[in-house]
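Chemist: The structure under discussion is supplied below as structure tokens; questions concerning it will follow.
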Amino acid sequence: MVPSTTKLLLTDMVLGVDHVPSNYVRPPSERPNFKDVQASDVSIPLIDLQDLQGPGRPDVVKQIGQACQHSGFFQIQNHGVSETMISNILRLARDFFQLPESERLKNYSDNPSNPVRLSTSFNVKTEKVANWRDFLRLHCYPLEDYVHQWPSNPPSFREDVAEYCTSIRALVLRLLETISESLGLEKNYVSGVLGKHGQHMAMNYYPPCPQPELTYGLPGHTDCSLITVLLQDDVPGLQVLRNGKWVSVNPIPNSFIVNIGDHMQVISNDRYKSVLHRAVVNCNKDRISIPTFYCPSPDAVIGPSPELVDDDHPAVYRNFTCEEYYTQFWNRGLATESCLDTFKASTT
Ligand code: OGA
Ligand code: NI
């Protein structure tokens, strides 16, 4: 069957399609190569946050510090977000992507600076090869600035998503204290350099794909965030680059995956690395993931923490505003080279 190229969203284009249209096909050297992917093992640590408030805190701080340093990714359990809230938000995302096309399209935009937008792939305006993904991206902090712009269908959308955002923000603030401590910084250091703070989330929808070996849900990238807290449903798809090999991170129910983003790499002066990761798709099942990107506000000036700069560790980056960074991030397409290269300190 000939795919309908007139559709704005992948969800509507894939109906009845039995092969991947040519604009989604990667050149052979850039394909996922499933044979070479390792199953997830201890390389993505699972950290229990239960003891964070008690005498066990130093040990949890140490585990998080090691995970940030060695893998840039970790999973968390006993994080304080209820199972009901988790199943609810996954259900809601699924319901959203199952709405009739005309209802979904009310939220469509191809402008990355729009605070509420349903779109497809990564940046349809700049990229050459498309990705097997639709997504709804929302700005979420401060809530009262954005909530009235969010979709109003399904009817509970605004209320449920607002509750979820508030819970995740509380979790992020606890994680940021822990991460500050793990760097030897005062516990409010990181949250203190983020200006007014920013929080964005995405609901990613990856439809089943007839030829998953030819394309990506999302190709390798690092996140334009301080940290990202990802919720995924029970369908595998996330892969993380570890010692030069792609490792798949299989879902653990009711846990979140946390990763270091580019801004934390800068603040930590490269002690913590924003690691490449990607999402692959499969023939049988659609997949939902819900990342929360916690960020500085656009006016915040980010640079290496002075306490982490000395003669042995010169500043790797110059100071820059997040506004500058976001412009760069969205305009370059989702390139594998780190967007951070542009912000390196000059080495004269
Ligand atoms: C992202 C991302 C991974 C996934 O949205 O930045 O990396 O598993 N998502 O969907
Ligand atoms: Ni990502």
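Chemist: Would you confirm, using the coordinates I've provided, whether residue 112 is farther than 30 Å from residue 54 by Cβ, more than 15 Å from ligand 1 (Cβ to nearest atom) and part of a loop (DSSP other than H, G, I, E, B)?
Modeler: Details: farther than 30 Å from residue 54 by Cβ: yes; more than 15 Å from ligand 1 (Cβ to nearest atom): no; part of a loop (DSSP other than H, G, I, E, B): yes.
For residue 112, the condition - farther than 30 Å from residue 54 by Cβ, more than 15 Å from ligand 1 (Cβ to nearest atom) and part of a loop (DSSP other than H, G, I, E, B) - is not met.
Chemist: Identify all residues within segment 251-291 that are within 21 Å of residue 164 (Cβ to Cβ), of a type in the set (S, T, N, Q) and more than 10 Å from ligand 1 (Cβ to nearest atom); write none if there are none. So that I can check it myself, show each step before the final result.
Modeler: First, the residues of segment 251-291 that are within 21 Å of residue 164 (Cβ to Cβ): 251-259, 261, 279, 286-291.
Still in the list and also of a type in the set (S, T, N, Q): 254-255, 259, 289.
If the condition is that a residue be within 21 Å of residue 164 (Cβ to Cβ), of a type in the set (S, T, N, Q) and more than 10 Å from ligand 1 (Cβ to nearest atom), then 254, 255 are the ones that fit.
Chemist: On to the next question. Can you pull out every residue in segment 212-230 that is closer than 18 Å to residue 257 by Cα and of a type in the set (Val, Ile, Thr)?
Modeler: Those that are closer than 18 Å to residue 257 by Cα and of a type in the set (Val, Ile, Thr): 222, 227, 228, 229.
Chemist: Then there's this: Within segment 278-298, can one find any residue that is free of Cβ contacts under 8 Å to residues at least 12 places away in the same chain, more than 12 Å from ligand 2 (Cβ to nearest atom) and surrounded by fewer than 18 Cβ atoms within 10 Å (Cβ to Cβ)? Break it down stepwise before answering.
Modeler: Keep residues of segment 278-298 that are free of Cβ contacts under 8 Å to residues at least 12 places away in the same chain, which gives none.
For segment 278-298, residues free of Cβ contacts under 8 Å to residues at least 12 places away in the same chain, more than 12 Å from ligand 2 (Cβ to nearest atom) and surrounded by fewer than 18 Cβ atoms within 10 Å (Cβ to Cβ): absent.
Chemist: Right, here's the next one. Residues of segment 255-287 being out of contact with any His (no Cβ under 9 Å at 6 or more places or on another chain) and more than 30 Å from residue 318 (Cα to Cα), which ones?
Modeler: Passing the criteria: 279, 280, 281, 282, 283, 284, 285, 286, 287.
Chemist: Also, I was wondering about something else. For residue 239, are the conditions met, namely being under 19 Å from residue 134 (Cβ atoms) and either of a type in the set (A, V, I, L, M, F, W, C) or within 14 Å of ligand 1 (Cβ to nearest atom) (or both)? Give the steps one after another, and end with the answer.
Modeler: Values: under 19 Å from residue 134 (Cβ atoms): no; either of a type in the set (A, V, I, L, M, F, W, C) or within 14 Å of ligand 1 (Cβ to nearest atom) (or both): yes.
For residue 239, the condition - under 19 Å from residue 134 (Cβ atoms) and either of a type in the set (A, V, I, L, M, F, W, C) or within 14 Å of ligand 1 (Cβ to nearest atom) (or both) - is not met.
Chemist: Right, another one. Every residue in segment 202-213 that is of a type outside the set (Phe, Trp, Tyr) and more than 12 Å from ligand 2 (Cβ to nearest atom), please.
Modeler: Of the residues in segment 202-213, the ones of a type outside the set (Phe, Trp, Tyr) are 202-204, 207-213.
Once the filter is applied, which keeps residues that are of a type outside the set (Phe, Trp, Tyr) and more than 12 Å from ligand 2 (Cβ to nearest atom), segment 202-213 yields 203, 207, 208, 209, 210, 211, 212, 213.
Chemist: Please indicate, with yes or no, whether at least one residue in segment 236-244 is in contact with a strand residue (DSSP E or B) (Cβ under 9 Å, 6 or more places away or on another chain), over 26 Å from residue 325 (Cα atoms) and either assigned to a loop (DSSP other than H, G, I, E, B) or among the hydroxyl-bearing types (Ser, Thr, Tyr) (or both).
Modeler: Step one: filter segment 236-244 for residues in contact with a strand residue (DSSP E or B) (Cβ under 9 Å, 6 or more places away or on another chain), giving 236-242.
Applying the additional criterion that residues be over 26 Å from residue 325 (Cα atoms) yields 236-237.
Cutting the leftovers down to either assigned to a loop (DSSP other than H, G, I, E, B) or among the hydroxyl-bearing types (Ser, Thr, Tyr) (or both) gives us 236-237.
There is at least one residue in segment 236-244 that is in contact with a strand residue (DSSP E or B) (Cβ under 9 Å, 6 or more places away or on another chain), over 26 Å from residue 325 (Cα atoms) and either assigned to a loop (DSSP other than H, G, I, E, B) or among the hydroxyl-bearing types (Ser, Thr, Tyr) (or both).
Chemist: Considering only residues of segment 115-135 that are part of a loop (DSSP other than H, G, I, E, B) and basic (Lys, Arg), which is surrounded by the most Cβ atoms within 10 Å (Cβ to Cβ)? Spell out the reasoning first.
Modeler: If we filter segment 115-135 for residues that are part of a loop (DSSP other than H, G, I, E, B), which is where we start, we get 115, 121-133.
Filter once more, so that each one left must be basic (Lys, Arg): 125, 128, 133.
Working: 125: 12, 128: 6, 133: 24.
Applying the filter and picking the extreme gives 133.
Chemist: Taking residue 175 as meeting all but one of (1) within 15 Å of residue 57 (Cα to Cα); (2) outside any loop (DSSP other than H, G, I, E, B); (3) more than 19 Å from the chain's Cα centre (by Cα), write down the number of the exception.
Modeler: (3)
Chemist: I would also like to ask the following. It is to be established whether one or more residues within segment 260-267 are within 15 Å of ligand 2 (Cβ to nearest atom), within 27 Å of residue 93 (Cα to Cα) and assigned to a loop (DSSP other than H, G, I, E, B). Steps first, please.
Modeler: Within segment 260-267, the subset within 15 Å of ligand 2 (Cβ to nearest atom) is 260-265.
Keeping just the survivors that are within 27 Å of residue 93 (Cα to Cα) gives 260-262.
Pick out the ones that are also assigned to a loop (DSSP other than H, G, I, E, B) and you get 261.
Scanning segment 260-267, I find at least one residue that is within 15 Å of ligand 2 (Cβ to nearest atom), within 27 Å of residue 93 (Cα to Cα) and assigned to a loop (DSSP other than H, G, I, E, B), so the answer is yes.
Chemist: Considering every residue within segment 183-199, establish whether at least one is within 22 Å of residue 91 (Cα to Cα) and of a type outside the set (Asp, Glu).
Modeler: We begin by selecting, within segment 183-199, every residue within 22 Å of residue 91 (Cα to Cα); these are 199.
Among the residues that remain, those that are also of a type outside the set (Asp, Glu) are: 199.
Within segment 183-199 (the criterion being within 22 Å of residue 91 (Cα to Cα) and of a type outside the set (Asp, Glu)), the answer is yes, since at least one residue qualifies.
Chemist: Turning to a different aspect of this structure: Take residue 219 and decide whether it is assigned to a strand (DSSP E or B) and in contact with a Lys or Arg (Cβ under 7 Å, 6 or more places away or on another chain). If you could, list the steps in order and put the result at the bottom.
Modeler: Numbers: assigned to a strand (DSSP E or B): yes; in contact with a Lys or Arg (Cβ under 7 Å, 6 or more places away or on another chain): yes.
Considered against the rule, which asks whether it is assigned to a strand (DSSP E or B) and in contact with a Lys or Arg (Cβ under 7 Å, 6 or more places away or on another chain), residue 219 comes out as yes.
Chemist: Next question. Do we have residue 336 as at pLDDT below 95 and touching a Gly at 6+ places or on another chain (Cβ under 7 Å) here? Can you show your working first?
Modeler: Values: at pLDDT below 95: yes; touching a Gly at 6+ places or on another chain (Cβ under 7 Å): yes.
Considered against the rule, which asks whether it is at pLDDT below 95 and touching a Gly at 6+ places or on another chain (Cβ under 7 Å), residue 336 comes out as yes.
Chemist: Being touching a Phe, Trp or Tyr at 6+ places or on another chain (Cβ under 6 Å), among the hydrophobic types (A, V, I, L, M, F, W, C) and within 23 Å of residue 340 (Cα to Cα) is the filter here, so list the residues in segment 206-256 that pass it.
Modeler: Result: 224, 226, 227, 229, 240.
Chemist: Would you pick out the residues in segment 214-235 that are touching a residue at least 24 places away in the same chain (Cβ under 8 Å), away from ligand 2 (no atom under 14 Å from the Cβ) and surrounded by fewer than 23 Cβ atoms within 10 Å (Cβ to Cβ)? Lay out the reasoning, then the answer.
Modeler: If we filter segment 214-235 for residues that are touching a residue at least 24 places away in the same chain (Cβ under 8 Å), which is where we start, we get 214-233, 235.
Now narrow it down to the ones that are away from ligand 2 (no atom under 14 Å from the Cβ): 214-215, 233, 235.
Within segment 214-235, 214, 233, 235 qualify.
Chemist: Same structure, new question: Count, please, the residues in segment 82-121 that happen to be among the small types (Gly, Ala, Ser), out of contact with any Phe, Trp or Tyr (no Cβ under 9 Å at 6 or more places or on another chain) and closer than 26 Å to residue 142 by Cβ.
Modeler: Here is the first cut: in segment 82-121, the residues among the small types (Gly, Ala, Ser) are 82, 87, 93, 102, 109, 113, 119, 121.
Subset that is out of contact with any Phe, Trp or Tyr (no Cβ under 9 Å at 6 or more places or on another chain): 82, 87, 102, 109.
Add one more test, that the residue is closer than 26 Å to residue 142 by Cβ, and what stays is 82, 109.
Qualifying residue count for the region: 2.
Chemist: Within segment 82-108, track down each residue that is within 17 Å of residue 118 (Cβ to Cβ), part of a helix (DSSP H, G or I) and among the polar types (S, T, N, Q).
Modeler: Scanning segment 82-108 gives a single hit, 102.
The values are calculated or read from the model by the stated rules, or taken from the named source; none is laboratory data. Fair warning: this is a prediction, and the values are worked out from it, not measured in the lab. In this analysis, Cβ positions are derived from the backbone assuming ideal geometry, glycine residues included, and neighbour counts consider all displayed protein chains.
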